[in-house]
Every structure is written in structure tokens, then in C-alpha cells.
Amino acid sequence: MHTRRIGDVEVSAVGLGAMPMSIEGRPDTARSLATLHAALDAGVTLIDTADAYHMGADEVGHNETLVAKALASHERGGDVLVATKGGHLRPGDGSWTLDGSPAHLRSACEASLRRLGVEAIGLYQFHRPDPRVPYAESVGALRELLDEGKIRMAGISNADPDQIRQADEILGGRLVSVQNQFSPVFRSSEPELRLCDELGIAFLPWGPFGGISRAGELATAHAPFGRIAQAHGVSAHQVCLAWMLAKSPVVVPIPGASRPESIRDSVRAADLVLTPEEIAELDAA
């Protein structure tokens, strides 16, 4: 597995987004654990989760607990950087709400620490800006958690360029990652990707295949991805991830998976080399 960097930590060039294993349509626990173990067997050393990845209001942190169980039961579990998030909530009725208050982020971090069974969270990210709370206050809470050693690295998610610059300033130049939506169908985070490249901050594209409901349509909805995949004898998903990896060395995709074969396919993208002409065609698709 090729590697990239998040802060001072070397991680696999392709990570795993664990959300599909805990929200609506999730598989049973056995298949989820098999998927997480397949990722570890394939060399994945970055797993993305969040306390909000659950269904019922009584199972907050379902995904974090699942990830912790998988890591504890695998010989390579100790080699993984777990990235989790706080500030987004699910009341249990299928909706998503926000709480970016420092008090909530502190309590959410403490709860994540307990569920993950660690003394410090490897990468803690502010999940989504809360319009009711000044952004500086939310990021200030991350700074305090960082200074106190509760988290080893700090990141932000769903941020715009101004928020990236502001967060990095508040954190004293210690912002290590930005996790934004980016895919063939959703490219409006290009400015954030370019800024991360300029600042040397890891950019983690979430929903790289267009979201759970659209992942299976990639080759047909975006014909060049399907054509180039056929030419290389690989999946369109591999082409998609290889295209992202070619954009900048700071890009670390975190494709979601809920089946072992899905993550095994995704990690092969790290070995796929696209020509400049193919990249240009995909950029224009």
C-alpha cells in the first residue's frame, strides 16, 4: 500500500469510511467486522468514523464502538489512525442536527474517547459548522482539546476556504486535515482542495463515489470513468479514486464500504496510474 501523510502520521493512500456500517441499510455486525478486518488485511491504516454515525437516538457512537471492536480483534489494529468527528447529531428520526458549542464538543470528545478505548484520539474533526455558534468558538474548543492532550491532531469537515484559514490560525498552524464532500458529481470543493494543497493540509474527500445511493451508478452516470475503467480492466471506483489521488499528494480518499470486496477493490486504486490524457478527460467529464 502506498502512503500519504496526515500531520506527522503516515497513513495508507486510501482510507476507509466506516459510516455505511452504522446508518440506514447497514449490514449485520459480522459482515461489518469482516469488512473492517478486510481493510486492515489490505493495508488500510486510516479509518474515518463519527459519533453521529448511528440510527436510533439510543445508540450514539455505534460506529465508533464497531471500529474499536474491529481494531481490538485484529493484529494490525494498533497501526491504524482513527479519525472521528463531533458536532453533528442524529436525534433518531432520520434527521441530522448541529451543536458546535464548546461544551458539546468537549463532552462529545470525552464520550468518543471512552468508546474508542484510547487516552487520546488520533484525529478529531469538527464535523460541520453550526450557524448558531461563532466558528472561532467551535475551533477554539478543538485547540483546547489539542493543548490538553485529549486529541493528538485536529481537523475540520464541511468547511469553506475562509474557515480553513481561520481554523489554521486559531489552531496555531496545527490544522492537519479538511474533510469535504468531493466526487465526480460534486466538485464544488475544488477551491478547498487547492488551498489544502497550497498549505500542505490533508484533504479527505468524503462520498467519493457520489454518495451511498449513487455509488453503483458511477460507470454509467459518468461515461469517461466507465470507459477508462474498461481500458485498464479495473472498476470505475478504482479509476475515480486514482483520479483523486492524482490531483495532489495531500488527497487521501476515504471511500465508504460495507462489504469486504468493496474495500479490497478500493485500495487497489493506489496502484493504478492514469495517463495525463486520461486525467484531463476525467477532469472535463
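The values are calculated or read from the model by the stated rules, or taken from the named source; none is laboratory data. Everything numeric here is computed off the predicted structure, so don't read it as measured data. Neighbour counts are summed over all protein chains in view; Cβ atoms, including those assigned to glycine, are modelled from backbone coordinates with ideal geometry. Please note that ligands, DNA and RNA were not included when accessible areas were found on the heavy atoms of the full protein model with its side chains. Shrake-Rupley method; radii C 1.70, N 1.55, O 1.52, S 1.80 Å.
Can you tell me how many residues within the stretch 132-153 are out of contact with any Phe, Trp or Tyr (no Cβ under 6 Å at 6 or more places or on another chain), outside any helix (DSSP H, G or I) and buried (at least 18 other Cβ atoms within 10 Å of the Cβ)?
Looking only at that region, the number is 4.
Among the residues of the stretch 164-211, how many are under 18 Å from the mean Cα position of the chain (by Cα), among the β-branched types (V, I, T) and under 27 Å from E144 (Cα atoms)?
Looking only at that region, the number is 4.
What are the pairs with Cβ atoms under 8 angstrom where one residue, in the stretch 156-168, is in a helix (DSSP H, G or I) and the other, located anywhere, is open to solvent by less than 40 Å² (accessible area, probe 1.4 Å) and among the aromatic types (F, W, Y)? Sequence gap at least six, or different chains.
If the second residue must be open to solvent by less than 40 Å² (accessible area, probe 1.4 Å) and among the aromatic types (F, W, Y), the pairs left are Q163/Y135; Q166/Y135; A167/F126; A167/Y135.
Using the structure shown, decide if G211 is closer than 30 Å to T29 by Cα, in contact (Cβ under 8 Å) with a residue 40 or more places away in the chain and open to solvent by 20 Å² or more (accessible area, probe 1.4 Å).
no
Testing L218 on (1) out of contact with any strand residue (DSSP E or B) (no Cβ under 8 Å at 6 or more places or on another chain); (2) modelled with pLDDT of 95 or more; (3) open to solvent by less than 10 Å² (accessible area, probe 1.4 Å); (4) not small (G, A, S), one condition comes back false. Which one is that?
It fails just one condition, (2).
Whether any residue in the stretch 119-130 is under 17 Å from R106 (Cα atoms), outside any loop (DSSP other than H, G, I, E, B) and of a type in the set (G, A, S) is what I want to check.
No, the stretch 119-130 contains no residue that is under 17 Å from R106 (Cα atoms), outside any loop (DSSP other than H, G, I, E, B) and of a type in the set (G, A, S).
For the stretch 233-252, state whether one or more residues are modelled with pLDDT under 95, open to solvent by 40 Å² or more (accessible area, probe 1.4 Å) and farther than 23 Å from M19 by Cβ.
No, there is no match, as no residue in the stretch 233-252 is modelled with pLDDT under 95, open to solvent by 40 Å² or more (accessible area, probe 1.4 Å) and farther than 23 Å from M19 by Cβ.
Answer yes or no as to whether P224 is of a type outside the set (S, T, N, Q), buried (at least 18 other Cβ atoms within 10 Å of the Cβ) and either closer than 21 Å to A202 by Cα or touching a residue at least 12 places away in the same chain (Cβ under 8 Å) (or both).
So P224 passes the test.
Condition first: closer than 21 Å to C240 by Cα and open to solvent by 20 Å² or more (accessible area, probe 1.4 Å). Now tell me which residues in the stretch 165-191 satisfy that.
Answer for the stretch 165-191, where residues must be closer than 21 Å to C240 by Cα and open to solvent by 20 Å² or more (accessible area, probe 1.4 Å): Q181, V185, F186, R187, S188, E190, P191.
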